[in-house]
Amino acid sequence: MGIFQEAQQYIVGGVNSPVRAFKSVGGEPPFIERGEGAYIWDIEGNKYLDYIQSWGPLIFGHCDKDTQEAIIKAVKKGVSFGAPTKVEVELAKEVLELFPHLDLIRFVNSGTEATMSAIRLARGYTSKDDIIKFVGCYHGHSDSLLVSAGSGAATFGVPSSPGVPADFTKHTLLAEYNNIESVKAAFEKGDVGCVIIEPIAGNMSLVPAKKEFLEELRELCNHYGAVLILDEVMSGFRASLRGSFDIYGVEADIVTFGKVIGGGMPVGAFAGRKEIMEKLSPVGPVYQAGTLSGNPVAMSAGLAVIKKLKENPEIYKELEKKAKALMEGFEKTSKENGIDFTYNVVGSMFGFFFNPKKPENFADVDSSDTQRYAKFHNKMLNKGFYFAPSAYETGFICTPMSDSDIQNTIKAYEEIAKEI
Ligand SMILES: Cc1ncc(COP(=O)(O)O)c(C=O)c1O
Ligand SMILES: N[C@H](C=O)CCC(=O)O
């Protein structure tokens, strides 16, 4: 019996997060034993160039020495105290220093917790229950946000999950990404306390918001007295050092973080204006808590990564150059082989579509050729290139990825393009 079959006897579907099961691309997931830099090795000794990087967190690649050292040092002092530690304050300071419009932060254990808590806080602050979310954006799996969601929910065709009572989602109003008229219509329909959006949507492959769309969204929130939550769990410290803020300059009322902020450890966070954040317990009445929140080992990993990023902000240009080179190479090969292909790159993030149109929203993304993506995925994996096992996910470049890694990936695509 193979390990995947054995895993399925004990763990639902053999995995602890659905997209890992490879259901939409077919085949079986390799079970990973170790990673080093840009590469991972499975338990059978196969080596892969890793374009997933733990779904984004590992911007410095696997086993980054500085992150490792910080983790080991922290572990030696004790893995958890359930009491305040100095390292939480240090990480909070390092993050907030980057964003003049964010005054206070709270750390949690995942991106799901960050967005769920941010929504509760926004509702508590405004005393308004309705929220606006965008079709194809994914903010984790909390009840009110699991409505027309991207990522695994879109991959498995269950964008709105059974088990979530209609009563819980009746306050979630939907709008179309990059379509301001649809947002205006949603505002007219309800009593909207907040709008949550991925400013650089990374859960319907990669679709960045248009600048004017995001600016108008900010204005609409001001007009209606709604809290604007920018979900930067994926794009924060990934698209750029300050995520979408560097690219659009739009000031959110609350920003949610995850992935890179924990250096590969389970961390999420939400930060916002003082007036809003002080509604949170123990200062205010909105309750939110966590046994392991602000865990010292996770905070130490995050601190090492954020400090290193702040010391080396030039890496983002380098990473973007590599992402562009990869996508341009794929585009050229696709053209030579009569394959419809479009792409987006933002910093170290890339997304591509077997689609003649560059998507601007989820409906566009959904019209891409996902069967072709499945073939692409299988054939590239066999050649040692590990891309996301779903057409609805983003790819990530890490600093140890070399120019020759990129060229080898393009060469591999040239070899398989005729077969997909
Ligand atoms: C934009 C965004 N928000 C929230 C989440 C949820 O984060 P987590 O998987 O850590 O719960 C994710 C990823 O899953 C994400 O990409
Ligand atoms: N798109 C998700 C996070 O960004 C993928 C991770 C997961 O759901 O396992």
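The table for this structure:
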{"quantity": "Relative contact order (%) - criterion: Cα under 8 Å, at least six apart; region: segment 65-311", "calculated": "30"}
{"quantity": "Percent of beta bridges antiparallel (DSSP, segment 228-315, rounded to nearest 5)", "calculated": "45"}
{"quantity": "Nearby lysines by direct alpha-carbon distance to residue 77 (threshold 17 angstrom, same-chain neighbours under 8 apart not counted)", "calculated": "86"}
{"quantity": "Net charge dipole size for segment 1-119 [Lys, Arg +1 and Asp, Glu -1 on Cβ; Debye, nearest 20]", "calculated": "240"}
{"quantity": "Which of 35, 82, 114, positive extreme of dipole for segment 1-145 (C-beta unit charges)", "calculated": "82"}
{"quantity": "Probe 1.4 Å, accessible area per residue of the chain, Å²", "calculated": "42"}
{"quantity": "Pairs from 23/335; 211/332; 317/357; 23/317; 23/332; 357/418 whose Cα-Cα separation, in the structure shown, is over 31 Å", "calculated": "23/317"}
{"quantity": "Mean separation of Cα contacts under 8 Å, 6 or more apart, over the residue count of the chain: relative contact order %", "calculated": "23"}
{"quantity": "Between segment 17-45 and segment 320-345, the Cα center-to-center distance that results, in Å", "calculated": "24"}
{"quantity": "Gyration tensor verdict on segment 65-311 (Cα atoms; rounded if a/c is under 1.5, prolate if a/b is larger than b/c, oblate otherwise)", "calculated": "prolate"}
{"quantity": "Cα centroid separation, segment 1-15 to segment 52-93 (Å)", "calculated": "30"}
{"quantity": "Taking the C-alpha atoms of segment 176-247, convex hull volume expressed per residue in Å³", "calculated": "85"}
{"quantity": "Sequence-separation-based contact order of segment 309-410, relative, with Cα cut under 8 Å and 6+ spacing, percent", "calculated": "27"}
{"quantity": "Within the chain, helix-based [θ] at 222 nm, where runs of 4 or more DSSP H residues each add -39,500 (n - 2.57), nearest 500", "calculated": "-11500 deg cm²/dmol"}
{"quantity": "Residue (of 245, 301, 289) at the positive-pole extreme of segment 224-333, dipole from beta-carbon charges", "calculated": "301"}
{"quantity": "Net charge of Cβ neighbours under 15 Å - reference residue 403; Lys, Arg +1; Asp, Glu -1", "calculated": "+1"}
{"quantity": "Theoretical gain in end-to-end length, residue 274 to residue 216 [0.36 nm per residue, Cα-Cα removed]", "calculated": "18.5 nm"}
{"quantity": "Of 133/375; 65/310; 170/274, pairs whose Cα-Cα distance is over 26 Å", "calculated": "133/375; 170/274"}
{"quantity": "Principal semi-axes in Å for the chain [√(5λ), Cα gyration tensor, largest first]", "calculated": "32, 26, 21"}
{"quantity": "In Å, descending, principal axis extents of the Cα set of segment 5-132", "calculated": "51, 41, 28"}
{"quantity": "Residue 367 paired with residue 314, simple spin-label distance in nm, labels 7 Å along Cα-to-beta-carbon", "calculated": "4.3"}
{"quantity": "In segment 314-398, chymotrypsin sites (Phe, Trp or Tyr not before Pro) in a DSSP loop with at most 16 other beta-carbon atoms within 10 Å", "calculated": "none"}
{"quantity": "Residue-level accessible surface for residue 394, protein heavy atoms, 1.4 Å, Å²", "calculated": "10"}
{"quantity": "Shape of segment 86-206, Cα gyration tensor, a/c cut at 1.5", "calculated": "prolate"}
{"quantity": "Segment 138-212 and segment 274-304: distance between their alpha carbon centers, rounded to Å", "calculated": "25"}
{"quantity": "Theoretical FRET efficiency, 1/(1+(r/R0)^6), r = Cβ-Cβ of residue 185 and residue 76, R0 45 Å, to 0.05", "calculated": "0.20"}
{"quantity": "Fraction of antiparallel bridges per DSSP, the chain only, in percent to nearest 5", "calculated": "60"}
{"quantity": "Rounded to the nearest 20 debye, dipole of the chain from Cβ charges on Lys, Arg, Asp, Glu", "calculated": "540"}
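The values are calculated or read from the model by the stated rules, or taken from the named source; none is laboratory data. Quick caveat: nothing in here was measured; it's all calculated off a predicted structure. Using ideal geometry, Cβ is built from the backbone for each residue, glycine included, and neighbour counts are taken over all protein chains shown. Each accessible area value is taken on the protein alone, full model and side chains, heavy atoms only, with ligands, DNA and RNA left out. Shrake-Rupley method; radii C 1.70, N 1.55, O 1.52, S 1.80 Å.
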